[in-house]
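*Asks:* One structure, as structure tokens, below. Some questions next.
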Amino acid sequence: MTPQRQPILSTSAQETFTGTRPVPPQHAFDTERLAAYLRQHVDGAIGTLRVEQFKGGQSNPTFLLDDGQRRYVLRRKPPGALLASAHAVDREFRVIRALAATEVPVARAFVLCEDLEVLGTAFYVMEYVDGRVLWEPTLPGYANAERAAIYDELNRVIAALHRVDPAAIGLADYGRPGAYIERQVARWTKQYRAAETERIEAADQLIDWLPRHVPAEGESRIVHGDYRLDNVIFARNEPRIVAVLDWELSTLGDPLVDFAYHCLSWRLPAETLRGMGGVDLAPLGIPLEAQYVQRYLERVGSARRVSPQDWSYYLVFNMFRLVGILQGVVARALQGNASSAVALEHGQRVRPLAEQAWALAQSLA
């Protein structure tokens with residue numbers, strides 16, 4: 001395949017989030033102790049480790065380990081007080097291991113460590129996958145055909161995930177059966193309340209509205225929970241995903257709800273949440289939301305169709321869910337243990353997103 005040209009990075013997000021940085025004091029750990037653990041459990045030839053932290057990511061801090069000959073990636077729970085059920089690195093490790101034999105591209109997972117004596121929090125180590133992480137959804141600097149191919153590949157991979165039979169790969173018990181949306185609404189309401197830093201009327205309205213308008217539930221499949229452009233790695237020279245990242249929020253649930261979260265990119269504002277809301281996509285070669293949804297439905301081969309009313313509900317719910325996620329990031333930043341240097345900026349995005357979700361919910365009345 002002919003190598004693609006590398007894009008011109010015309011926006012700041014690509015520069016802000018790409019690559020690594022020195023490990024900040026609040027996330028530092030004993031690298032010699034880690035190296036000794038890895039020699040015992042991964043590779044006895046591992047030498048002195050150089051450790052840097054990836055710039056991207058907001059939840060579980062992620063680190064590049066390099067001994068000059070080998071490179072690995074470590075994901076750990078952040079230090080400090082954490083919300084219940086959050087930062088589940090053990091679940092990430094389990095689902096990556098299980099998906100290794102499927103069409104879903106994942107990094108090879110080597111070891112899960114829940115012994116707090118090693119680093120102070122649970123962590124797992126996986127292979128380092130070389131490639132491109134793309135942060136700007138409008139893909140500045142790419143040709144239209146390249147943009148179209150990248151979005152088609154994103155669509156193909158999430159459809160492949162949703163076609164996987166959980167029981168066939170040992171994940172039949174990876175989530176509770178039934179009432180997925182109801183449980184998710186309750187969970188993110190609890191998470192939002194636990195991290196709440198100010199009263200937002202639109203969020204309160206959503207908390208009241210969402211449980212009273214839940215659509216009928218579809219089939220149960222593995223849902224990623226945070227599938228988006230910057231949570232996958234593309235090959236260097238072709239529009240092929242080589243690894244899906246950040247499985248912290250994965251569980252069993254309604255795949256259309258998971259897909260709707262992925263499609264929030266078409267609705268979120270470009271200036272604050274790196275979305276494509278208000279952008280004229282046709283001249284860019286990026287599919288419209290309706291086209292993208294239809295291609296997904298064709299790929300999963302499901303007879304199920306989604307009504308405009310149900311689709312809008314899924315979008316409202318996922319906006320609220322993102323409100324809860326962002327509020328948790330802000331809360332951790334105020335505690336001093338957030339994994340991203342720009343975490344506090346999310347505080348300015350919570351209220352507008354809640355208000356956008358509530359406006360969409362009101363349009364369904």
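*Asks:* Look through region 175-208, keep the residues that are within 14 Å of Arg351 (Cβ to Cβ) and polar (S, T, N, Q), and return whichever of them is surrounded by the most Cβ atoms within 10 Å (Cβ to Cβ).
*Replies:* Among those that are within 14 Å of Arg351 (Cβ to Cβ) and polar (S, T, N, Q), it is Gln205.
*Asks:* Another question, then. Anything in region 154-173 that is surrounded by fewer than 18 Cβ atoms within 10 Å (Cβ to Cβ) and closer than 14 Å to His262 by Cα? List them, or say none.
*Replies:* Arg156
*Asks:* Here is a follow-up. Could you figure out which of (1) in contact with a Leu (Cβ under 8 Å, 6 or more places away or on another chain); (2) under 18 Å from Arg321 (Cβ atoms); (3) surrounded by fewer than 20 Cβ atoms within 10 Å (Cβ to Cβ) isn't true of Val223?
*Replies:* In the conditions (1) in contact with a Leu (Cβ under 8 Å, 6 or more places away or on another chain); (2) under 18 Å from Arg321 (Cβ atoms); (3) surrounded by fewer than 20 Cβ atoms within 10 Å (Cβ to Cβ), Val223 misses (3) alone.
*Asks:* Considering only residues that are at pLDDT 95 or above, in a helix (DSSP H, G or I) and either within 18 Å of the chain's Cα centre (by Cα) or among the polar types (S, T, N, Q) (or both), which ones fall in region 258-284?
*Replies:* Asp258, Phe259, Ala260, Tyr261, His262, Cys263, Leu264, Ser265, Trp266
*Asks:* Continuing with the same structure: From Gly225, Gly218, grab the single residue that is part of a loop (DSSP other than H, G, I, E, B), among the small types (Gly, Ala, Ser) and in contact with a Pro (Cβ under 8 Å, 6 or more places away or on another chain).
*Replies:* Working: Gly225 fails: in contact with a Pro (Cβ under 8 Å, 6 or more places away or on another chain).
Being part of a loop (DSSP other than H, G, I, E, B), among the small types (Gly, Ala, Ser) and in contact with a Pro (Cβ under 8 Å, 6 or more places away or on another chain) holds for just one of Gly225, Gly218, which is Gly218.
*Asks:* Which residues, counting only those in region 232-272, are farther than 27 Å from Arg305 by Cβ and either in contact with a Leu (Cβ under 6 Å, 6 or more places away or on another chain) or surrounded by fewer than 19 Cβ atoms within 10 Å (Cβ to Cβ) (or both)?
*Replies:* Listed by number, the residues that qualify are Ala235, Arg236, Asn237, Glu238, Arg240, Val242, Pro269, Ala270, Glu271, Thr272.
Residue by residue, here is whether (1) at pLDDT below 90; (2) part of a loop (DSSP other than H, G, I, E, B) holds:
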residue	(1), (2)
Leu34	no, no
Leu38	no, no
Asp43	no, yes
Ile46	no, yes
Tyr72	no, no
Pro78	yes, yes
Ser85	yes, yes
Arg97	no, no
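*Asks:* Condition check: surrounded by 18 or more Cβ atoms within 10 Å (Cβ to Cβ) and either among the hydroxyl-bearing types (Ser, Thr, Tyr) or at pLDDT 95 or above (or both). Does Arg295 satisfy that? Steps first, please.
*Replies:* On the way: surrounded by 18 or more Cβ atoms within 10 Å (Cβ to Cβ): no; either among the hydroxyl-bearing types (Ser, Thr, Tyr) or at pLDDT 95 or above (or both): yes.
No; evaluated as a whole, the condition is false for this residue.
The values are calculated or read from the model by the stated rules, or taken from the named source; none is laboratory data. What you are looking at is a predicted structure, and each value in this text was computed from that prediction instead of being measured. Cβ sites come from the backbone with ideal geometry, for glycine too, and all protein chains shown count toward neighbours.
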